Amino acid sequence: MAVSSPPPPRFRLSLRLQNPSPHPSPSHSKPRPAPTNETLRRRLLRRGVSPTPKILHALRKKEALKALRRARKDTEAAAAAAAAAALDPGDGPIAVVEEDEDEARFRAAAAEYRALVGRPWDGAAHGVAPLRGGDGVEEGLEGLREMLVARRGDGFRWLLDDDIEPEAAERKQQKRHGTGWDAEAGDEEKRIQLLVSRLNEDSLSFHDWRLTRMMKKADLIYNEDNLLRILDGLEARGNWRQALAVTEWVYNENSYKHRRSRFVYTKLLSILGKSLRATEALRVFTIMRGDAQIYPDMAAYHSIAVTLGRAGLVKELIKIIEYMRKKPSKRVMKMRRKDWDPSLEPDVLVYNSVLNACVLSQQWKGVFWVFQQMRISGLPPTGATFGLAMEVMLKAKKYEFVQKFYEKMQKNGVPPRAITYKVLVRAFWEQGKINEAVEAVNDMEQRGVVGAASVYYELACCLCNNGRWRDAMLQVDKLKQLPLTKPLEYTFTGMILASFDGGYIYECISIFESMKEYCTPNIGTVNVMLKVYGRCDMFGKAKDLFETTKAYFSNSQTYVHEHSSLTADAYTYSSMLEASASAQQWEYFEYVYREMALSHHHLDQSKYSWLLIKACRAGKSYLLEHALDSVLERGEIPDVRLIVELICQSIAQSDYGRVLQLLNVMTEASIKINEGEWANILQQNVHQFSVDALQDLTDYLSTSGTTKADPVHSLVRALQSQCETTSMNDTYLLVDGGTNTQQCARSLLQNEGENSSSDLAEQDQLIDTCKNLCTNKLIDVPDSNRDIPQLGVAVMSRATSLSRPRLEDIHGQCDLGHWGTQVSAIDEVLDSMSSYGASSYREMPSASEILELWEQERINDMFDPKAESGTNL
């Protein structure tokens, strides 16, 4: 009976299931192969063991011996099963032939495996060892050719069937569902990109559990190449925190603790240097010096030197140079071979970094030390070295050394660069040598040095600072022909500031008008001009420029406009508020403040608190209230000057509940004022309130139950001392027709501007009114030797409610920028709230509610032609 070729393994398995034999042969089960190096390495990594080559070699050898023992055992079992099957009459001849055929094929595969343990091409698989001559070599090569031909065929392919684990095959074919990663398991590049994108989205520290979950979810092998790719992606976004956290996390894992890479740490130093994080870079550099595997090389020294130089840390740079020259510690030396010597000598780049650090720290003596060290090391100075030395001397105001280094540079034959001429122009400018600065630029052009835009910018600002703005415009023409690193608007803004610093106000206006022929003014230029107009008492021009900017912005919202970049920012509103306060235009001040609040910009209280205080003393106290509420709603700590001013205003109005509320705000914000500071505040504002008001406030705070804690306790003690030292005669006048009554009336007349125009009848009526008021103790009049502030007179005139129409007109005349007689919504709210007493402050609208009222009022003004015509004055 002819014997057919053996069927595939799956077919044979189904045949045996259909015809079960009482003596199953173990040779039918596929022998388990020995694991490869990659399998062993992954197995060790899962168990937290670092797979070194020595460990992998030992494990591979043990696994190979296990596979051989299993093969021998299976062979013996197969032989026993074959013998039993031969004796069993129930098995047919086809089954016996099939068992013998499989056994022969398996024995051939086992012989090939034993040959692979040694040298498979030496003929050991055939039992013949090659001779030690040319013939042996030829026979060995011939055996190799025969083995390769046999392996290319299908003779042993059945052994490799189902060699891949089914779970691994499914993971490779299917995508990972439920883990959050969309890339396939084998696509390492995509998984790295996903990891980088997720790291850039969140700000995770090294100890954050989310970072650990994210790094493990990526299922990456964090070797050197993959880590460098991750750091490249984080560097592109400037995310130095995540780069530092990822590196620390990887090299703190047990699997990678002993596999640190110097290139990864050097890359991390570069990222920290670009982000100007000198402290973190020093910490990473210290870690590198403590490990021989990642000990710094010249590239790492360059990176840390440039970082420290940009930060101005001269002492740390000197230590870095010392570390370069000396050997590592004994602990680090024991990690490497005995002849290992990582000591290096600093080069020109390191010394230039020291000079760069001297520029920021203005340590001009360090320049001579650098040149001395370079001369000892035999390093010739470059153009950058001389340029940095000149810049150090410029910052230190050593102008004679600037010229000497320039002459030494020419003597050594080092060609000067454009940056060198920039330092020269700046030095001549600060010395007041304008003509020499112009000659230096002309010399640069005659030498054929391609000038940089910064050189002509420095010369243009130098000329504008000395009133020669027309000559500066010629430099602008030259500057336009060069590649610009910044737009031309920056040049004109710098020229305007230089003219303003030099005191040439009208030249600033001329430059601003000439700017429109070259480019469109941006918002930075507008802010500078608002500052110029505000400081020079040009409120009208500042107002026109502000309204023009707002008009351009409103047009850009409806259609694309050529001036659409003119969007008012916080500096625009702050400059206009400053100009309005300088011109005493408080109605327009309120209008600008409203627009600023509606535009969701906030006033910098650290710089412009005085504006709100000045507006509060001019009768706009609700703006200060709104500013304080806005600061509290944003969760910021308010400026103590704002709260103190509101406390003084509340004491003057006998609103003691509001005083207690403001003191509670100070307690919540952890603002502390001692007793001495409270006494100074009360003394400076003594003209605003009387002794009775201070005594009533003391009684109110004492009964409130909060006097044991600061700042209430300190205020109560200051109030008690103030009441004890002030007598009734210092604050109240029992007027009997003396000179003090006449001084009171004269002060009111001067406020009205009626010293020359009022008639005698009106003056007599005013004197009689002052007599009656002072007799009834309705107002406070200071002594004759004190100056009556304008604020006290204004409060006095409102408190007495005089029925004279001329006095009521004074308040309207003082507000030159009055926009009409309409009463705003916030004024109505404040007026209605003031009628309920001190307890009504709990029902006062918040800053957000006031903002909604202003928005509604703005909408009403848009549809009211009368209001619109009243505002466009």
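Brief remarks follow.
- Count - residues of region 59-73 that are open to solvent by less than 50 Å² (accessible area, probe 1.4 Å) and closer than 22 Å to Ala104 by Cα: 4
- Residue match in region 720-730 (condition: under 20 Å from Leu646 (Cα atoms) and either at pLDDT below 80 or under 51 Å from the mean Cα position of the chain (by Cα) (or both)): yes
- Of the set (1) modelled with pLDDT under 90; (2) in a helix (DSSP H, G or I), all apply to Asn435 but (1).
- Of the residues Ser275, Ser303, the single one that is among the hydroxyl-bearing types (Ser, Thr, Tyr), under 19 Å from Met324 (Cβ atoms) and either free of Cβ contacts under 8 Å to residues at least 40 places away in the same chain or crowded, with 23+ Cβ neighbours inside 10 Å (or both) is Ser303.
- Residue in region 357-379 that is part of a loop (DSSP other than H, G, I, E, B) and over 29 Å from Arg283 (Cα atoms) present: yes
- In region 600-626, the qualifying residues are those that are out of contact with any Lys or Arg (no Cβ under 8 Å at 6 or more places or on another chain) and not in a helix (DSSP H, G or I), and the one that is farthest from Ala581 (Cα to Cα) is His600.
- Test: residue in region 278-292 that is among the hydroxyl-bearing types (Ser, Thr, Tyr), modelled with pLDDT of 90 or more, surrounded by fewer than 17 Cβ atoms within 10 Å (Cβ to Cβ) and within 21 Å of the chain's Cα centre (by Cα): yes
- Scanning region 582-590 turns up one or more residues that are open to solvent by 30 Å² or more (accessible area, probe 1.4 Å) and over 24 Å from Thr525 (Cα atoms).
- When Ile376 is tested against (1) touching a residue at least 24 places away in the same chain (Cβ under 8 Å); (2) open to solvent by 10 Å² or more (accessible area, probe 1.4 Å); (3) more than 22 Å from Leu482 (Cα to Cα); (4) among the β-branched types (Val, Ile, Thr), only condition (1) is not met.
- Test: residue in region 336-347 that is assigned to a helix (DSSP H, G or I) and either β-branched (Val, Ile, Thr) or open to solvent by 40 Å² or more (accessible area, probe 1.4 Å) (or both): no
- Search result, residues across region 308-323 that are touching a residue at least 24 places away in the same chain (Cβ under 8 Å), open to solvent by 10 Å² or more (accessible area, probe 1.4 Å) and part of a helix (DSSP H, G or I): Arg310, Ala311, Val314, Glu316, Ile318, Tyr323
- Selection within region 323-352 - over 20 Å from Leu282 (Cα atoms) and among the β-branched types (Val, Ile, Thr): Val348
- Residue within region 55-70 that is under 24 Å from Asn252 (Cα atoms) and assigned to a helix (DSSP H, G or I) present: yes
- Among the criteria (1) touching a Pro at 6+ places or on another chain (Cβ under 6 Å); (2) at pLDDT below 80; (3) not aromatic (Phe, Trp, Tyr), the one Ala709 does not fulfil is (1).
- Pair list, Cβ < 6 Å and 6+ apart or interchain, from region 452-464 residues that are open to solvent by 20 Å² or more (accessible area, probe 1.4 Å) to residues that are modelled with pLDDT under 95 and hydroxyl-bearing (Ser, Thr, Tyr): Tyr457/Thr491
- Subset of region 200-227 (residues that are free of Cβ contacts under 8 Å to residues at least 40 places away in the same chain, in a helix (DSSP H, G or I) and either open to solvent by 40 Å² or more (accessible area, probe 1.4 Å) or at positive phi (or both)): Glu201, Trp209, Arg210, Thr212, Arg213, Lys216, Lys217, Asp225
- For Phe492: the one exception among (1) part of a helix (DSSP H, G or I); (2) touching a Pro at 6+ places or on another chain (Cβ under 8 Å); (3) under 27 Å from Lys365 (Cβ atoms); (4) not small (Gly, Ala, Ser): (3)
- Leu646 modelled with pLDDT of 85 or more, under 21 Å from Gly619 (Cα atoms) and either in contact with a helix residue (DSSP H, G or I) (Cβ under 7 Å, 6 or more places away or on another chain) or basic (Lys, Arg) (or both): yes
- Residue match in region 59-74 (condition: closer than 30 Å to Lys217 by Cα and modelled with pLDDT of 85 or more): yes
- Meets criteria (among the acidic types (Asp, Glu), in contact with a Gly (Cβ under 6 Å, 6 or more places away or on another chain) and open to solvent by 20 Å² or more (accessible area, probe 1.4 Å)) for Glu633: no
- As a summary of the residue check, Leu497 satisfies the conditions (1) open to solvent by less than 70 Å² (accessible area, probe 1.4 Å); (2) under 19 Å from Tyr533 (Cβ atoms); (3) more than 36 Å from the chain's Cα centre (by Cα) except for the one numbered (3).
The values are calculated or read from the model by the stated rules, or taken from the named source; none is laboratory data. As the structure is a prediction and not an experimental result, all values here were calculated from the model. Please note: Cβ atoms are built from the backbone with ideal geometry, for glycine as well, and neighbour counts cover all protein chains shown. The accessibility values were calculated without ligands, DNA or RNA, using every heavy atom of the protein model including side chains. Shrake-Rupley method; radii C 1.70, N 1.55, O 1.52, S 1.80 Å.
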